[in-house]
Amino acid sequence: LDNFRHKELLSIHKRPWYAYGLLKAAELAEKKGYKRFTAIEFGVASGRGLKSMSEYKNEIEKIIDIKIDLVGFDTGKGMPRTNDYRDFPDKYHEGDFPMIDKDKIKALDCEMVFGDLKKTIPSYKKKLTKNSPIGFFAMDVDIYSATKNALNLFKESPEFYLPFVFCYFDESSGRHHFTKFAGELLAIDEFNNLNSHKFRKIDNDRGVWNDHKLIPNQIWYDRSYILHVFDHKLRKK
């Protein structure tokens, strides 16, 4: 095993959920004949997560014949104002998790998209390309409304995505206030229940534990999901 895969197998990367999701997407993309794919972080904030993704991207590209295009979405000024109970207004407040050093983040090998997701997602949809389909995304926007807006990116033509899109939802487990009636879990439920795209469903990644049999169960397994693109040509006979 190469060093990156060995560390991923033992879950000893600083952010093992990013290492796992990016690696699985890269392996799938290469297997299916793609030359590149896109990985996204929704909610960049201080940039620590995106920095890890950038580091992992560079390591993965050395061991797999694939290119990874990184994209970060953020308001650029912290959490938006909300008084919707589904957004946990008692837990998160306007301006929380600000982007402290934009220049440092812009220096990373990635594309940054600044603004409210309600406005930036419709615009970004026009840039989707089958030459670099989305293969991994990390959701770290904390609240229901922002998650719902972000998930609108995954309702387009199937060729804009890998047949399995590996996902990480940071606010889906591990806290008492997380519930399927609010926050990210509610946004996932609503996405799955939309009749307008019955061939797109988000579910728990039921294989993540199987890839890490050498170590005890990790909490991030519960936050690992897969967006199934059932109408993708590579999921047909």
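Points to keep in mind about this one:
- Over the stretch 168-227, relative contact order from alpha-carbon pairs under 8 Å, at least 6 apart, %: 40 percent
- Highest average packing first - 66-77, 201-212, 182-193, Cβ atoms within 10 Å: 66-77, 182-193, 201-212
- Accessible area (Å², per residue) of the chain, counting only protein heavy atoms and a probe of 1.4 Å: 51 Å²
- Choice from LEU162, LEU23, LEU128 with maximal GNM fluctuation in the chain (Cα, 10 Å cutoff): LEU128
- Working note: Cα atoms of the chain, range along each principal axis, descending, whole Å: 48, 39, 37.
- Whole-percent carbon and sulfur share, accessible surface of the chain, 1.4 Å: 49 percent
- Solvent exposure ordering (accessible area, 1.4 Å, most first) of GLU171, GLU159, GLU94: GLU94, GLU159, GLU171
- Under the criterion of Cα pairs below 8 Å and six or more residues apart, the relative contact order for the stretch 17-134 equals 32 percent.
- Euclidean distance between Cα centres, the stretch 137-181 to the stretch 2-68, Å: 18 Å
- Largest GNM mean-square fluctuation across ALA146, ALA25, ALA107, computed for the chain with C-alpha springs under 10 Å, falls on ALA107.
- Computed [θ] at 222 nm, deg cm²/dmol, the chain (DSSP H ≥ 4; -39,500 (n - 2.57); rounded to nearest 500): -9000 deg cm²/dmol
- Antiparallel DSSP beta bridges within the chain, percent to nearest 5: 30 percent
- Assuming charge only on the beta carbon of Lys and Arg (+1) and of Asp and Glu (-1), the dipole of the chain about its Cα centre is about 820 debye to the nearest 20.
The values are calculated or read from the model by the stated rules, or taken from the named source; none is laboratory data. Quick caveat, the model's predicted, so the values are computed rather than measured. Positions of Cβ are generated from backbone atoms using ideal geometry, with glycine treated the same way; all protein chains shown enter the neighbour counts. For the accessible areas, the whole protein counts, side chains as well, though only heavy atoms, and no ligand, DNA or RNA atoms are used. Shrake-Rupley method; radii C 1.70, N 1.55, O 1.52, S 1.80 Å.
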